[in-house]
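Below is one structure, written out as structure tokens; comments come after it.
The values are calculated or read from the model by the stated rules, or taken from the named source; none is laboratory data. Not measured: the values here are computed from a predicted model. Heads up, the Cβs are rebuilt from the backbone with ideal geometry, glycines too, and the neighbour counts pull from every protein chain shown.
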Amino acid sequence: MLALSVTGKRRFAYGFWRYRETEVDAAAEMLSLVRKSGIDHLDTADVYGGPGAFGGAERLLGVLRARTPELFKGAVVATKAGVEPGSPYNSSPEYLSAACEASLSRLRVDKIDLFYIHRPDFLAHPAELAETLDELVASGKVGAVGVSNFTTSQVAALARHMKAPIAVHQLEFSAAQVDPLFDGTLAQAMARGIAVMAWSPLAGGRLGETGATEFSRVRETLRRIGERSGVSPTAVALAFLQRHPAPVTPILGTKTPARLRDCLTADALTLSRPDWYAIVESCLGQKMP
Ligand SMILES: NC(=O)c1ccc[n+]([C@@H]2O[C@H](COP(=O)([O-])OP(=O)(O)OC[C@H]3O[C@@H](n4cnc5c(N)ncnc54)[C@H](OP(=O)(O)O)[C@@H]3O)[C@@H](O)[C@H]2O)c1
């Protein structure tokens, strides 16, 4: 069993991908609301911060921690490394060790609660990667290890060599992106006891009321279910993820307080089987066999 809380008191996490380093006041307001709402899992990555602003989101979190340490009490802060602008991926021992040190410094912490490999590096042998990650855990610089955007074979290859467990798999999963139901990643997570975090749970806002015509079929299904259940379509989209038994924790990305409050209403909704499958079918554009 993991000593690390990855799902939070509430079945949501909050992500900092969309923040620039300079947005200190806006981020502080949202972080305060996030924590008051009972969300205790914060997600970032070394590469977040906007174009050409590598490290910006981590530096922002470092500033927020210095300014309001109470907002970080009891919170898990997860970050990611391995996306190297220009490479594009680097999971070599030298790169990851230096990346971890840099993240520690930007986040202003002694230990990274959860350290992800952001995307698989085809040039990194899983045995060598496992050794690097195990060393980071053994040194106390990293509390737990996660992977993101790995295939099931890549997870299995890494797990085969790791001493520490792979605690979390972060993947793209939403009512507009149901591949994880079919590609084995969710089944593998359940088989191995790996927690699942869903990124872009609202398809980057494209499932929202102002979304483009793309996904109009799914949005209509979400609207219909929402109308009947007395919640917004986006709350239905989040309840869709939370209904999966893995369990799945959606990482919310809104920077708008009212939208965050709306997202949280998903907690009150448990989708019926027909409604849940109707969302899958409208995403696929065909009936289940
Ligand atoms: N591991 C990876 O490779 C990876 C990749 C991408 C993201 N992530 C993580 O996942 C987190 C969440 O991703 P995300 O930001 O794409 O999540 P998301 O919740 O799918 O999208 C958030 C975006 O949708 C907009 N939105 C929310 N509700 C809306 C509505 N009702 N109508 C219209 N627009 C709406 C938000 O705008 P407002 O801010 O204006 O409300 C925001 O721009 C990131 O912060 C990051 O931590 C990880």
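Residue count for the stretch 246-269, restricted to those that are modelled with pLDDT of 95 or more and loosely packed, with under 14 Cβ neighbours inside 10 Å: 3.
Just one of (1) assigned to a helix (DSSP H, G or I); (2) closer than 16 Å to Asp179 by Cα; (3) away from the ligand (no atom under 12 Å from the Cβ); (4) of a type outside the set (Lys, Arg) fails for Ala237. It is (3).
Can you name every residue in the stretch 22-37 that is polar (S, T, N, Q) and buried (at least 19 other Cβ atoms within 10 Å of the Cβ)? If the condition is that a residue be polar (S, T, N, Q) and buried (at least 19 other Cβ atoms within 10 Å of the Cβ), then Ser37 is the only one that fits.
In the stretch 273-287 there is no residue matching the filter, namely being within 14 Å of the ligand (Cβ to nearest atom) and under 30 Å from Ala57 (Cβ atoms). Scanning the stretch 183-207 for residues that are without any contact (Cβ under 8 Å) to a residue 40 or more places away in the chain and closer than 19 Å to Leu271 by Cβ, we see that the one that is farthest from the ligand (Cβ to nearest atom) is Leu207. Scanning the stretch 208-234 for residues that are within 12 Å of the ligand (Cβ to nearest atom), over 19 Å from Thr256 (Cβ atoms) and surrounded by 19 or more Cβ atoms within 10 Å (Cβ to Cβ) gives a single hit, Phe215. Among residues of the stretch 48-74 that are within 15 Å of Glu29 (Cβ to Cβ), those with a beta-carbon under 8 Å from a residue that is assigned to a helix (DSSP H, G or I) and of a type in the set (D, E, K, R) at least six positions away or on a different chain give the pairs Leu61/Arg106; Leu71/Arg35; Leu71/Arg65.
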